[in-house]
Amino acid sequence: MKKLIAIILACVLVAAAFVGCGEKKSGETTKITFVLDWTPNTNHTGLYVAQEKGYFKDAGLDIEIVQPPEDGAEMLVGSGKAQFGVSFQDSMLPAIIGDDAMPIEACAALIQHNTSGIISLKGKGMDRPKGMEGKKYATWDLPIEKATLKQVIEADGGDFSKVELIPSTVTDEVSALQSDTVDAIWIFYGWAGVATEQAGLETDYFAFKDIDPVFDYYTPVIIGNSDWMKDNPDAAKAFLEALKKGYEFAIDNPEEAADILLKYAPELDKDLVVASQKYLAKEYKSEVERWGYIDPVRWNAFYNWINENKLADTEIPENTGFTNDYLPE
């Protein structure tokens, strides 16, 4: 009888433990800090939609969205002070190679193709790269930036050394072009290009990916802390699943999504946000079926180009800096 009572008591305790664990798990919320790359804009709309619609909350996630420090989202994510953030394949490179490499990797593409290129006022002869000869270009004086321009200009028969490089102070592309401060500006068309349309400017524009496919790299991307994602794979997948819902809502409902972004960033111009949202609705996924997918061929092609042009301090191995392992199917 004593043995029977002991067995029954043990079973009751085990059952209670399982019930207790189940109750704790169902009530758990995972806190995630997400750091932007810049002030809120339409690159980020799906994030704010997921927040507003409760997709994160439904997934058991508590998301805090923060502005980036001066040294960028990479430092916060790499240090573990944030779990996810926004970066770019070109600008994240110094953080993922060398002896001081940080544990970060791109885990989703926010836009499938590189929408950046050179814009100028129509009629100035810069509808193609060679036309930049003798013109004032607003430069950030970055090695990858200048190597990109050199390659597309010289492939078009031009001479990059004849481009007048002006240190960039551009904060408003429309004003800069109208004032003739510079002739040519590197922009992301989904925001700055759309802004020139809204302002009624007639412009010329060429996209780098249309000149050379090697420049169809991923920009922007979601980066995650590699160590945290490995230790918390379910939470990482839940986060990206909820984010996917946010971006797919923005694809299907650009005007409503624009209103949500404006709720979180009321300082933005409504007409520009709506127009930009309609433009990017076609770019978030483009032709791919799986939101966020990063094509290894395209990713590696750009980093191989950097290797060939010796633009990094060390050789970049294949498949460095990205993963599709946490993406929803």
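Every read-out reported here was derived from the displayed coordinates using simple, explicitly stated rules and does not represent laboratory data. Being a predicted model, the structure only gives us computed values, none of them experimental. In this analysis, Cβ positions are derived from the backbone assuming ideal geometry, glycine residues included, and neighbour counts consider all displayed protein chains.
Couple of notes before you dig in:
- Residues of segment 109-145 with amide N under 12 Å of a point placed 7 Å along Cα→Cβ from Ser286: 109-116
- Computed from Cα atoms alone, the Kirkwood hydrodynamic radius reported for the chain is 21.7 Å.
- Cβ-based net charge around Met229, under 11 Å, with every Lys or Arg adding one and every Asp or Glu removing one: -3
- Sum of side-chain charges, Ala155 neighbourhood, beta-carbon under 13 Å (Lys, Arg +1; Asp, Glu -1): -2
- Dimensionless Rg over Rh [segment 59-194; C-alpha; Kirkwood]: 1.04
- Alpha carbon Rg of segment 116-215, scaled by the compact-globule rule 2.2 N^0.38 Å: 0.97
- Net charge contributed by nearby residues that have their C-beta within less than 13 Å of Asp269 (K/R +1, D/E -1): -3
- Think of each Lys and Arg Cβ as +1 and each Asp and Glu Cβ as -1; about the Cα centre, that makes the dipole of the chain roughly 1160 debye.
- Cα-based helix-to-principal-axis angle, 270-281 vs the chain, degrees rounded to 10: 80
- Given Lys136/Lys245; Lys124/Lys310; Lys53/Lys278; Lys150/Lys230; Lys162/Lys282; Lys53/Lys146, the pairs whose alpha carbons are separated by over 31 Å: Lys136/Lys245; Lys124/Lys310; Lys150/Lys230; Lys162/Lys282; Lys53/Lys146
- Set of aspartates and glutamates with alpha-carbon distance to Lys81 below 13 Å, sequence-local pairs under 8 removed: Glu64, Asp227
- Charge dipole of segment 274-323 (Cα centre as origin; +1 on each Lys and Arg Cβ, -1 on each Asp and Glu Cβ, all else neutral): 340 debye, rounded to the nearest 20.
- Degrees separating the helix 296-308 axis from the principal Cα axis of the chain, which is the longest one: 50
- Extension gain (nm, one decimal) between Ser91 and Glu145, 0.36 nm per residue minus Cα-Cα: 18.4 nm
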